[in-house]
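Bear in mind that the values in this text are calculations on the coordinates, not laboratory data. Because the structure is a prediction, the values reported are computed rather than measured. With ideal geometry, Cβ positions are generated from the backbone for all residues, glycine too; neighbour counts draw on all protein chains shown.
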Amino acid sequence: MGLAKRIIPCLDVDNGRVVKGVNFVGIRDAGDPVEIARRYNQAGADEITFLDITASHENRDTTVHTVEQIAREVFIPLTVGGGVRSVDDIRVLLNAGADKVSINTAAIHNPSLVQESADRFGSQCIVVAIDAKAVHEEGETPRWEIFTHGGRKPTGIDAVRWAEKMADLGAGEILLTSMDRDGTKNGFDLAVTRAISDAVPIPVIASGGVGNLDHLAQGVLQGHADAVLAASIFHFGEYTIAEAKAHMAACGIEMRQ
Amino acid sequence: MAPQRVAVIDYGMGNLHSVESALQHAGNCDVVVTHDAAVVAAADRVVFPGVGAIGDCMAEIKRLGFDRLISEVVASGKPLLGICVGMQAMMEGSEESGGTECLGLFEGVVQRFPGGVDKQGNTLKIPHMGWNTVQQTMRHPLWYGIENNARFYFVHSYCVTPTKPEAQAGGCEYGLPFAAAIARDNIFATQFHPEKSHDSGLQLLTNFLNWNGSC
């Protein structure tokens with residue numbers, strides 16, 4: 001008995017609507033993030049991550065309103081990310097009911113934002129999201145770089161060194177997405193997950209590429225992740241959260257059933 | 001029965017809406033998030049939350065005179081629930097923030113998790129973040145209807161070990177054993193977040209709303 005590894009379903013939300021769809025049996029409105037969050041809460045999810053992909057900054061009021069509604073009826077931790085640029089953005093989301101806020105691109109442009117917000121609100125609510133891509137040639141020592149703009153723009157920053165720096169600045173958790181694997185259903189990039197998990201003293205969430213339940217277990221057993229995040233395998237009803245937990249537990253992983 | 005008046009003490013450290021929403025969900029109560037000592041004094045029961053660094057929390061508690069207010073609540077016999085840093089603040093002191101003097105409602109200090117590796121050789125990440133099991137080490141009305149070793153949601157880097165083992169109401173382990181909950185008289189305090197711990201957490205809050213303040 002000890003600390004359980006976590007399963008985190010992720011909702012991509014654009015202008016207050018879940019995109020890529022969710023296909024739960026009997027759900028009334030597959031685009032309503034509040035209804036979907038409620039379902040995942042009932043289904044035994046350990047946390048929920050809400051990623052705001054709304055392009056315009058003006059529509060962020062919608063996001064704040066949605067976070068408020070979710071926080072009123074979902075009593076598990078809620079992480080909100082996407083478009084977070086300032087200490088003020090973080091304050092607004094925390095006040096709306098987010099338990100953690102995820103900082104991505106803004107951390108690259110302004111690393112001191114991580115330190116300022118951790119000092120101000122506590123490390124426990126500051127997640128740094130890292131989008132990494134392999135940049136080594138075959139036969140070379142593995143190396144991953146941070147990419148922005150959905151994996152199109154290289155930054156030249158080494159992903160493992162960056163994760164260490166973010167932990168030093170006060171991040172409480174790393175959300176690591178492999179841009180090579182995201183959307184492929186071929187499983188996590190276990191090498192980068194393990195390299196970062198082993199390098200930092202804070203928890204790491206593995207993301208990008210989950211296509212089946214073995215992938216989730218591998219993220220923990222081989223990638224050394226503390227939590228695994230997935231979207232489509234849960235949204236489209238391929239697997240339930242309960243099935244995922246049962247499978248991971250059968251692989252010897254401590255889970256909250 | 002008239003709704004219970006619950007005061008959630010707000011001393012400017014973080015969002016308290018989750019606590020408020022969860023209490024409203026847990027039972028028939030009027031919850032007010034307040035920094036007004038008179039409102040706290042008029043409430044039937046009091047919640048003392050806290051997040052972030054304890055040095056900042058204690059500085060605000062003292063600046064606002066809430067150290068006296070908490071003592072008055074304790075003396076009044078009203079049920080008092082501490083959560084997370086609220087529980088840590090009830091100890092004598094913390095080694096966080098270069099050493100912080102706390103309220104001294106319980107003997108013992110708050111120390112940082114040592115980290116290291118567990119018995120299986122896994123690295124113990126800090127913060128201790130996620131769902132861990134809580135062993136009920138004291139019979140207490142706040143555990144009513146909650147299974148022994150149920151999981152609750154934790155997120156903290158420092159932990160409490162009371163000097164008197166009989167003050168511990170619930171135990172947990174993460175590299176070392178520590179107190180998941182402490183209790184005496186009309187005080188119950190949890191290191192975990194009941195407001196984020198799904199059904200078990202809501203049950204604990206329901207129990208708090210039903211509790212008469214004696215062990």
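Normalised by 2.2 N^0.38 Å, with N the number of residues, the alpha-carbon radius of gyration of segment A:153-244 equals 1.09. Counting Cβ atoms of other protein chains within 10 Å of each Cβ in A:199-205 and taking the mean gives 3. In chain B, the longest principal axis of the Cα atoms and the axis of helix B:54-63 are about 20 degrees apart.
Toward the positive end of the charge dipole of the protein assembly as shown, about the Cα centre and with charges on Cβ (Lys, Arg +1; Asp, Glu -1), which of A:76, A:157, B:134 goes farthest? About the Cα centre, the residue reaching furthest to the positive side is B:134.
Rounded to the nearest 10 degrees, the angle from helix B:198-210 to the longest Cα principal axis of chain B is 40 degrees. Under 5 Å from the amide H of residue B:131 lie the amide H atoms of A:4, B:154, each residue being 5 or more positions distant or on a separate chain, with H modelled from the backbone and absent for Pro and chain starts. Give the percent of DSSP beta bridges with both residues in chain B that are antiparallel, rounded to the nearest 5. That works out to approximately 60 percent antiparallel.
Calculated mean residue ellipticity, 222 nm, chain A: -10500 deg cm²/dmol, from DSSP H runs (n ≥ 4) at -39500 (n - 2.57) each, averaged per residue and rounded to 500. Put a dot 7 Å past the Cα of residue A:257, heading toward its Cβ, do the same for residue A:42, and the two dots end up 2.3 nm apart.
What is the ratio of the Cα radius of gyration of segment A:39-136 to 2.2 N^0.38 Å, with N the residue count, to two decimals? Intermediate values should be presented prior to the final figure.
On the way: Rg = 13.8 Å, N = 98, 2.2 N^0.38 = 12.6 Å.
That works out to 1.10 for segment A:39-136.
Taking Cα atoms only, the orientation of helix B:17-26 departs from the longest principal axis of chain B by about 70 degrees. Calculate the FRET efficiency for residue A:250 and residue B:76 from the Cβ-Cβ distance with a Förster distance of 51 Å, rounded to the nearest 0.05. The value I calculate is 0.50. For the protein assembly as shown, DSSP calls about 40 percent of its internal beta bridges antiparallel.
Taking 7 Å steps out from each Cα toward its Cβ at residue A:17 and residue A:30 produces label points 1.3 nm apart. DSSP assigns beta bridges within chain A; of those with both partners inside it, close to 20 percent run antiparallel. A Förster radius of 35 Å, combined with the Cβ-Cβ distance separating residue A:88 from residue A:236, puts the computed FRET efficiency at roughly 0.45.
Rg over Rh for the protein assembly as shown works out to 0.96, both radii taken from alpha-carbon positions and Rh defined as the Kirkwood radius.
If R0 is taken as 30 Å, the Cβ-Cβ distance between residue A:95 and residue B:41 corresponds to a FRET efficiency of 0.70. Farthest towards the positive end of the charge dipole of segment A:117-257, among the residues A:197, A:229, A:122, is the Cα of A:122, using unit charges on the Cβ of Lys, Arg, Asp and Glu. Relative to the globular-protein estimate of 2.2 N^0.38 Å, the Cα radius of gyration of segment B:4-210 stands at 0.95. Given their separation in residues at 0.36 nm each and the Cα-Cα distance between them, residue B:215 and residue B:149 gain 21.7 nm when the chain is fully extended.
Here is the list for segment A:131-221: GluC sites (Glu not before Pro) lying in DSSP coil, each with at most 10 other C-beta atoms within 10 angstrom of its C-beta, are A:137, A:138, A:140.
If you average 1/r over every pair of different alpha-carbon atoms in chain A and take one over that average, what Kirkwood value in Å do you get? Don't skip to the end; give the middle numbers.
Working: mean 1/r = 0.0549 Å⁻¹.
Its Kirkwood hydrodynamic radius stands at 18.2 Å.
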